[in-house]
Amino acid sequence: MEYVDLRSDTVTKPTPEMREAMAEAEVGDDVYRDDPTVNRLEELAADMLGKEAALFVPSGTMGNLIAMLVHCQRGDEVIVGNQSHIYLNEAGGMSALGGIQPCAIKNQSDGTLALDDILASIRTEDVHHPITRLVCLENTQNICGGVPLTPDYTRQVGELVHRNNLYLHIDGARIFNSSVAQNVSVKDLVEPADSVMFCLSKGLAAPIGSMLLGTSKFIARACHLRKMLGGGMRQVGVVAAAGIISLEKMTKRLGQDHVRAKNLADGLRQIEGLVVDANSPYTNMVYLNLSADAPLNAHQITQRMRDLGVLVDPENPGRFRLVTHYWIDDPAVEKTILAFKRSLDL
Ligand SMILES: Cc1ncc(COP(=O)(O)O)c(C=O)c1O
């Protein structure tokens with residue numbers, strides 16, 4: 001059966017154009033920095049985000065980890081959101097591999113970290129305290145609804161962070177979704193950050209890879225750490241070729257995913273038993289709960305949906321996140337709405 005797969009935008013397979021570019025990619029040994037396709041991808045990414053330099057890394061998780069390892073010493077502390085991917089879903093890498101301690105503070109419902117909370121969490125100089133070194137923001141903030149953070153908010157955090165001699169890193173796994181949703185340039189969104197990671201392998205549909213960006217000095221050290229972590233790849237232009245298409249073409253079509261997410265949410269709002277979050281979607285993620293009197297739980301509905309050809313991933317027994325992406329077209333949206341209706345119709 002051909003499934004409609006809304007579990008995540010990470011399920012995107014490469015487009016036919018990507019597969020062709022991958023087959024024809026000019027390659028070299030990237031550990032020697034000799035791969036022309038990787039070099040082109042890195043220059044393009046740095047140019048689009050307005051940063052001095054970029055590094056192609058195998059995953060978003062490795063990109064975030066490398067950023068923390070460059071900015072921090074062992075025993076330092078990083079201020080992160082308690083709903084952030086770095087804190088919840090990166091296997092504790094900063095602590096296990098960097099000896100870095102997270103200081104998790106509350107994500108507000110709009111995905112932000114309150115400026116007062118950040119300020120209050122910065123350690124004073126005291127022999128008993130770890131040294132606060134870094135603040136991490138996530139844009140779009142996934143668990144808070146795929147909500148975009150604004151350039152203005154990011155600038156305020158940047159000012160606070162730099163006034164206190166800290167660094168700012170942005171986990172921008174979906175930074176292009178944020179840029180498209182707000183109709184602002186991605187440069188504006190990341191200008192205050194000392195480092196940024198974004199993913200090619202989510203809504204931008206490349207099969208593998210993320211980009212890490214910062215100053216040339218930061219990237220030189222990041223390259224060293226990538227090697228240390230086993231992330232130095234060889235003729236990886238084969239993969240970078242898809243990433244170039246992600247940046248040149250796929251960034252320009254993300255708005256379609258946002259429109260389809262909205263159509264999906266509008267359709268689901270008509271179904272008894274489902275309660276779509278009030279402002280959902282902000283970008284390409286629809287979050288919804290089952291109503292208290294729903295006849296089945298989310299796991300049972302997931303199984304029924306699978307039987308009807310639609311893959312969804314329950315967040316918990318009463319909640320779903322549905323993610324639109326390149327491979328979700330209008331008929332897929334219709335099929336999903338119908339499958340939810342049938343799954344709840346006992
Ligand atoms: C917000 C966010 N940051 C980072 C990552 C990590 O990316 P990767 O799966 O490539 O390691 C993800 C993955 O879903 C994510 O959603």
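The values are calculated or read from the model by the stated rules, or taken from the named source; none is laboratory data. Just so we're clear, the structure is a prediction, and the values are computed from it rather than from any experiment. With ideal geometry, Cβ positions are generated from the backbone for all residues, glycine too; neighbour counts draw on all protein chains shown. Areas reflect the complete protein model, heavy atoms only, side chains present, ligands, DNA and RNA absent. Shrake-Rupley method; radii C 1.70, N 1.55, O 1.52, S 1.80 Å.
What to note about this one:
For every residue, the table says whether it meets (1) of a type outside the set (S, T, N, Q); (2) buried (at least 24 other Cβ atoms within 10 Å of the Cβ); (3) more than 21 Å from Arg7 (Cβ to Cβ); (4) at pLDDT 95 or above.
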{"residue": "Arg163", "(1), (2), (3), (4)": "yes, no, yes, yes"}
{"residue": "Gly172", "(1), (2), (3), (4)": "yes, yes, yes, yes"}
{"residue": "Gln182", "(1), (2), (3), (4)": "no, no, yes, yes"}
{"residue": "Leu189", "(1), (2), (3), (4)": "yes, yes, yes, yes"}
{"residue": "Ala193", "(1), (2), (3), (4)": "yes, yes, yes, yes"}
{"residue": "Val196", "(1), (2), (3), (4)": "yes, yes, yes, yes"}
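- Residue that is farthest from Met250 (Cα to Cα), among those in segment 317-333 that are of a type outside the set (A, V, I, L, M, F, W, C), modelled with pLDDT of 95 or more and open to solvent by 20 Å² or more (accessible area, probe 1.4 Å): Gly318
- Scanning segment 210-226 for residues that are over 12 Å from the mean Cα position of the chain (by Cα), open to solvent by less than 50 Å² (accessible area, probe 1.4 Å) and either under 27 Å from Glu17 (Cβ atoms) or more than 15 Å from the ligand (Cβ to nearest atom) (or both) yields Leu212, Leu213, Gly214, Phe218, Ile219, Ala222, Cys223, Leu225.
- So Ile79, is it touching a helix residue (DSSP H, G or I) at 6+ places or on another chain (Cβ under 6 Å), open to solvent by less than 30 Å² (accessible area, probe 1.4 Å), modelled with pLDDT of 95 or more and away from the ligand (no atom under 16 Å from the Cβ): yes
- Meets criteria (touching a Pro at 6+ places or on another chain (Cβ under 9 Å), under 27 Å from Gly230 (Cα atoms) and either buried (at least 20 other Cβ atoms within 10 Å of the Cβ) or without any contact (Cβ under 8 Å) to a residue 24 or more places away in the chain (or both)) for Val70: no
- Some residue of segment 187-204 being closer than 30 Å to Leu290 by Cα, within 16 Å of the ligand (Cβ to nearest atom) and assigned to a helix (DSSP H, G or I): no
- Within segment 139-156, the only residue that satisfies the criterion of being in contact with a helix residue (DSSP H, G or I) (Cβ under 7 Å, 6 or more places away or on another chain), away from the ligand (no atom under 16 Å from the Cβ) and not polar (S, T, N, Q) is Pro151.
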